[in-house]
Amino acid sequence: MSFLRNLFKRRTKEVDITICGLASAGKTTIVRYLETGQFVETQPTMGINRGETIKVEKLEINIFDLGGQDDFRVLWPEVNENSNGVVFVVDKHDAMKFEEARLAFQEIVKSQIHEDVIVLILLHKNDIPGGMARSTFIQDFDLIDLSFKWACYETSAKTGENIFEAFRWFFDQLMEESS
Ligand SMILES: Nc1nc2c(ncn2[C@@H]2O[C@H](COP(=O)(O)OP(=O)(O)OP(=O)(O)O)[C@@H](O)[C@H]2O)c(=O)[nH]1
Ligand SMILES: [Mg+2]
């Protein structure tokens, strides 16, 4: 019996995650950083980009990197509906598009994901000085009222700041959820 239990314990679990956010927020750059451990120049994502499957302990993580341009946002609901975790990326310096980002985020949490989905919000491009402060962002983005398991990190794919910490938290939650 314990042999069987060990056998099952060792089996990997496959999870799907999506990376959403407005165009140019930095989604693909973050995915490439996760894959290569360094900053890589990217092209805008046309539609959906299926990234590499990342293996973390017992998890096999399929990454769906979504194009943020207006035309591609119609594709988000279907992918989000099947995902175990959502990463939402916001360019902390793009004040003009902040409201648009907030509405896109609200749409996801209100109608595109089921209740046990893990939500990671990245206030991104933190290597550039200034931009929205994390505490203001948490308030203005209505994160406090969120009924999901969530966390918000300030990140940079130029310096790698907090990328490991943010995804460590995210993958830990996904592991807990799927064990
Ligand atoms: N300074 C700085 N620039 C970044 C960072 N991350 C991404 N960028 C830049 O932001 C621009 C857009 O990056 P992408 O990763 O292609 O953005 P995206 O969110 O995937 O955009 P779409 O695919 O169009 O939705 C590129 O010029 C990146 O080099 C960062 O942490 N710091
Ligand atoms: Mg992209």
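The values are calculated or read from the model by the stated rules, or taken from the named source; none is laboratory data. Every value quoted in this text rests on a predicted model; they were computed, and no experiment measured them. Every residue, glycine among them, receives a Cβ derived from its backbone with ideal geometry; neighbour counts consider all protein chains shown.
Please find, among R102, R50, the residue that is more than 8 Å from ligand 1 (Cβ to nearest atom), surrounded by fewer than 16 Cβ atoms within 10 Å (Cβ to Cβ), under 24 Å from I128 (Cβ atoms) and under 17 Å from the mean Cα position of the chain (by Cα). Break it down into steps so the answer makes sense when it comes.
Details: R50 fails: under 24 Å from I128 (Cβ atoms).
R102 is the lone residue from the list that is more than 8 Å from ligand 1 (Cβ to nearest atom), surrounded by fewer than 16 Cβ atoms within 10 Å (Cβ to Cβ), under 24 Å from I128 (Cβ atoms) and under 17 Å from the mean Cα position of the chain (by Cα).
Would you mention how many residues in the stretch 52-68 are in a loop (DSSP other than H, G, I, E, B), within 13 Å of F167 (Cβ to Cβ) and modelled with pLDDT of 95 or more?
Within the stretch 52-68, residues that are in a loop (DSSP other than H, G, I, E, B), within 13 Å of F167 (Cβ to Cβ) and modelled with pLDDT of 95 or more number 0.
Looking only at the stretch 129-139, decide whether some residue is farther than 19 Å from F171 by Cβ, surrounded by 15 or more Cβ atoms within 10 Å (Cβ to Cβ) and out of contact with any Cys (no Cβ under 9 Å at 6 or more places or on another chain).
yes
Which of the residues that make up the stretch 31-50 are more than 9 Å from ligand 2 (Cβ to nearest atom) and either under 19 Å from S156 (Cα atoms) or in a helix (DSSP H, G or I) (or both)?
Hits for the stretch 31-50 are R32, Y33, L34, E35, T36, G37, Q38, F39, V40, E41.
Within the stretch 19-46, track down each residue that is buried (at least 17 other Cβ atoms within 10 Å of the Cβ) and either more than 6 Å from ligand 1 (Cβ to nearest atom) or at positive phi (or both).
I19, C20, G21, L22, S24, G26, I30, V31, R32, Y33, L34
For the stretch 147-179, how many residues are touching a helix residue (DSSP H, G or I) at 6+ places or on another chain (Cβ under 7 Å) and at pLDDT below 95?
Here the count works out to 0.
Just for the stretch 69-99: of the residues that are part of a loop (DSSP other than H, G, I, E, B) and under 13 Å from the mean Cα position of the chain (by Cα), which one is farthest from ligand 2 (Cβ to nearest atom)?
Among them, the one singled out is N84.
Quick one: which of E60, E100, E107, E78 is in contact with a Pro (Cβ under 9 Å, 6 or more places away or on another chain) and within 21 Å of I48 (Cα to Cα)?
Numbers: E60 fails: in contact with a Pro (Cβ under 9 Å, 6 or more places away or on another chain); E100 fails: in contact with a Pro (Cβ under 9 Å, 6 or more places away or on another chain); E78 fails: in contact with a Pro (Cβ under 9 Å, 6 or more places away or on another chain).
The conditions single out E107.
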